[in-house]
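I have placed the structure first, in the form of structure tokens, so that the comments after it can refer back to it.
The values are calculated or read from the model by the stated rules, or taken from the named source; none is laboratory data. Since this is a predicted model, take the numbers as computed values, not measurements. Each accessible area value is taken on the protein alone, full model and side chains, heavy atoms only, with ligands, DNA and RNA left out. Shrake-Rupley method; radii C 1.70, N 1.55, O 1.52, S 1.80 Å.
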Amino acid sequence: MLKGGDDMAKAAADRDERLALPPAGTTYWVSRRKAQVVMAVERGLLSIDEVCRRYRMDPEEFALWRRRLHKAGKQSLRITRTQEYRRKETPQS
């Protein structure tokens, strides 16, 4: 296959993956959607700034998703898990 064909195929795959992302303004987050967004950033489809604008979140929230996904997998992104992990990550006074 020609290099131009490879570039076109990659561009089409990137476009399809961007279309599969949660819509801008999403407020209901399930673990699958969070993982999709993290992976889109890691693949270079979106920047962290784009994610924060698109989904109205701060960079710390995204960083938390990323850390949890890499540390314990998609199941760690569940909201009930998030609450448990927050308690563990918060230093006790």
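Here are a few things to note about the model shown:
- Residue in the range 2-19 that is open to solvent by less than 30 Å² (accessible area, probe 1.4 Å) and modelled with pLDDT of 80 or more present: no
- Condition check for Thr90: open to solvent by 60 Å² or more (accessible area, probe 1.4 Å), of a type in the set (Ser, Thr, Tyr) and modelled with pLDDT under 90: yes
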